[in-house]
Amino acid sequence: QVQLVESGGGLVQAGGSLRLSCAASGLTFANFAMGWFRQAPGKEREFVAAISWSGGTTYYADSVKGRFTISRDNAKNSVYLQMSSLKPDDTAVYYCAADFWGSGKRKPNEYDYWGQGTQVTVSS
């Protein structure tokens, strides 16, 4: 079965950096666009970034543009989210998601598979 497993979350001070990873299995990874979403307590899940199947096109939420970078390695069936200049408002559970033959979708219900999430906490 399809599995998406996130890792790399943790506690970091404001201004710091973290790199999230998502390892995929049970699917033909190169056939999927990938996305990162986040959900803070009491809030809806929101789009963070997405990347096309080839990695050639990326999309970002305005709130993270210039601070976060999404990338993928199809040979390793993995997608990454490099987060820099982190702010307390970035605190959330971060999820990776897979979208079959999609590209740049920003709504959670448009994605086919989800990971279990990894907690990112940014202290002030």
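Odds and ends about this structure:
- If you go through the range 76-99 and keep only what is open to solvent by 40 Å² or more (accessible area, probe 1.4 Å) and either acidic (D, E) or at pLDDT below 95 (or both), you end up with just D89.
- Failed criterion for G56 (all others in (1) touching a helix residue (DSSP H, G or I) at 6+ places or on another chain (Cβ under 6 Å); (2) at pLDDT below 95; (3) not aliphatic (A, V, I, L, M) hold): (1)
- Whenever a residue of the range 1-12 is within 19 Å of P88 (Cβ to Cβ), its partners that are modelled with pLDDT of 95 or more and exposed (fewer than 13 other Cβ atoms within 10 Å of the Cβ), lying with C-beta atoms within less than 8 angstrom and at least six residues away or across chains, give the pairs G9/Q119; G10/Q119; L11/S123; V12/S123.
- Residue satisfying all of: in the range 13-49; assigned to a strand (DSSP E or B) and aromatic (F, W, Y); farthest from R106 (Cα to Cα) among these: F32
- Here is the figure for the range 50-63: residues that are outside any strand (DSSP E or B) and either hydroxyl-bearing (S, T, Y) or surrounded by 15 or more Cβ atoms within 10 Å (Cβ to Cβ) (or both) total 7.
- Of all residues making up the range 65-75, the number that are open to solvent by 60 Å² or more (accessible area, probe 1.4 Å) and either within 14 Å of R19 (Cα to Cα) or of a type in the set (A, V, I, L, M) (or both): 2
- If you filter the range 101-113 down to residues that are over 23 Å from D62 (Cβ atoms) and modelled with pLDDT of 95 or more, you find that the one that is surrounded by the most Cβ atoms within 10 Å (Cβ to Cβ) is Y113.
The values are calculated or read from the model by the stated rules, or taken from the named source; none is laboratory data. On a predicted model such as this, the values are computed, not experimentally measured, just so you know. With ideal geometry, Cβ positions are generated from the backbone for all residues, glycine too; neighbour counts draw on all protein chains shown. Surface areas here come from the heavy atoms of the whole protein model, side chains and all, with no ligands, DNA or RNA. Shrake-Rupley method; radii C 1.70, N 1.55, O 1.52, S 1.80 Å.
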